[in-house]
Amino acid sequence: MGIEANLAAVRTRIQRACEVSGRDPGEVRLLAVSKTMPASDIRAAYEAGQRDFGESRVQELDAKADQLADLADLSWSMIGHVQTNKIGDVARVADEVQSLDSIRLAHALDHRLSAVGRSLRVLVQVNTSGESSKSGLAVDEVVPFVRELASLPLLQPVGLMTIAMLSDDSEAVSGCFETLAALRREVEDVSGHAWPELSMGMSGDLEHAIAAGSTCVRVGTAIFGVRS
């Protein structure tokens, strides 16, 4: 199938998962993960109605934003690790960062946003599986981190992000998502305001994530195919 058909199939999966969970499909945003894919594939997805795209490398994000600058309502989310020497590009190009997991990075990003006269939506990345191979804050580090974010006015914290463990054990996968949902309630109590976004769920586990309350699923392979 082509990109248009793949997008339709993913949207159907989201709708069905919401029906099973008694949720409104409009509550779940589809973020098309376009890392390593050419700009022509992103344009094809855009023509099929997709507007939100996620990239994991700043250099690739910057290049594609330039190539697709004619698509005025296309939105870019940074979902990968951000190196401090690339923060300027993120502050200039990204509409959202979903991978914030360092107070040093947060301060540097706030500083660069001030220089370009912007503010930016951010999600805090949490390592809910506890795997050493994954980025993100440990669960018990999140509340102290959130308290420190309050001093950075140009960062707009709107939610949490996680990557579940890769496992055939559906209970273990769902447990990662349920941990993030519970953590959001704790974060909202501490911060005193809503954190509406839970970015969790990918091509292989989006149904479990939606059942646990995901508001954003990050889907790459099911839309664009296997990366070379």
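Each reported figure results from applying straightforward, stated rules to the coordinates on display, with no laboratory input. The structure displayed is predicted, hence computed values, not measured ones. Note: ideal-geometry Cβ built from the backbone for every residue, glycine included; neighbour counts use all protein chains shown.
No other residue among Arg29, Arg51 is closer than 26 Å to Ile210 by Cα, in contact (Cβ under 8 Å) with a residue 12 or more places away in the chain, charged (D, E, K, R) and surrounded by fewer than 16 Cβ atoms within 10 Å (Cβ to Cβ) apart from Arg51. Whether any residue in the range 76-97 is out of contact with any Cys (no Cβ under 9 Å at 6 or more places or on another chain), under 22 Å from Ala222 (Cβ atoms), of a type in the set (A, V, I, L, M) and crowded, with 18+ Cβ neighbours inside 10 Å is what I want to check. Looking through the range 76-97, at least one residue is out of contact with any Cys (no Cβ under 9 Å at 6 or more places or on another chain), under 22 Å from Ala222 (Cβ atoms), of a type in the set (A, V, I, L, M) and crowded, with 18+ Cβ neighbours inside 10 Å. Being farther than 26 Å from Ser133 by Cα and free of Cβ contacts under 8 Å to residues at least 40 places away in the same chain is a description that does not apply to Leu61. No other residue among Pro144, Pro157 is more than 20 Å from Ser56 (Cβ to Cβ) and touching a residue at least 12 places away in the same chain (Cβ under 8 Å) apart from Pro157.
Among the conditions (1) under 30 Å from Val173 (Cα atoms); (2) assigned to a loop (DSSP other than H, G, I, E, B); (3) touching a Ser or Thr at 6+ places or on another chain (Cβ under 9 Å), Pro153 misses just one, which is (1). Scanning the range 133-172 for residues that are under 21 Å from His81 (Cα atoms) and over 20 Å from the mean Cα position of the chain (by Cα) returns Asp140, Pro144, Glu148, Leu152. With respect to the conditions (1) touching a Ser or Thr at 6+ places or on another chain (Cβ under 9 Å); (2) under 24 Å from Pro144 (Cβ atoms); (3) not in a strand (DSSP E or B), Glu60 lacks only one, and its number is (2). Exactly one residue among Leu166, Leu155 is of a type in the set (A, V, I, L, M, F, W, C) and buried (at least 20 other Cβ atoms within 10 Å of the Cβ), and that residue is Leu155. Residues in the range 209-223 that are touching a Lys or Arg at 6+ places or on another chain (Cβ under 9 Å) and assigned to a helix (DSSP H, G or I): Ile210, Ala211, Thr221, Ala222.
Residue-by-condition table, conditions (1) surrounded by fewer than 18 Cβ atoms within 10 Å (Cβ to Cβ); (2) on the phi < 0 side of the Ramachandran plot; (3) part of a strand (DSSP E or B):
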site: Val124; (1), (2), (3): no, yes, yes
site: Gly130; (1), (2), (3): yes, no, no
site: Ser133; (1), (2), (3): yes, yes, no
site: Asp140; (1), (2), (3): yes, yes, no
site: Pro144; (1), (2), (3): yes, yes, no
site: Arg147; (1), (2), (3): yes, yes, no
site: Asp189; (1), (2), (3): yes, yes, no
site: Met202; (1), (2), (3): no, yes, no
site: Glu207; (1), (2), (3): no, yes, no
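Hey, among the residues in the range 74-121 that are touching a Lys or Arg at 6+ places or on another chain (Cβ under 9 Å), in a loop (DSSP other than H, G, I, E, B) and charged (D, E, K, R), which one's nearest to Arg43 (Cα to Cα)? Among those residues, the one meeting the criterion is Asp95. Checking the structure you have, find out if any residue of the range 187-205 is among the polar types (S, T, N, Q), farther than 24 Å from Val10 by Cβ and in contact with a helix residue (DSSP H, G or I) (Cβ under 7 Å, 6 or more places away or on another chain). Checked against the condition, which is being among the polar types (S, T, N, Q), farther than 24 Å from Val10 by Cβ and in contact with a helix residue (DSSP H, G or I) (Cβ under 7 Å, 6 or more places away or on another chain), the range 187-205 yields at least one hit.
Does Phe177 qualify as being in a helix (DSSP H, G or I) and closer than 26 Å to Val90 by Cα? The answer is no for Phe177. Hey, could you check the range 32-48 for residues that are touching a strand residue (DSSP E or B) at 6+ places or on another chain (Cβ under 8 Å), outside any loop (DSSP other than H, G, I, E, B) and small (Gly, Ala, Ser) and say which is farthest from Gly213 (Cα to Cα)? The extreme case among them is Ala45.
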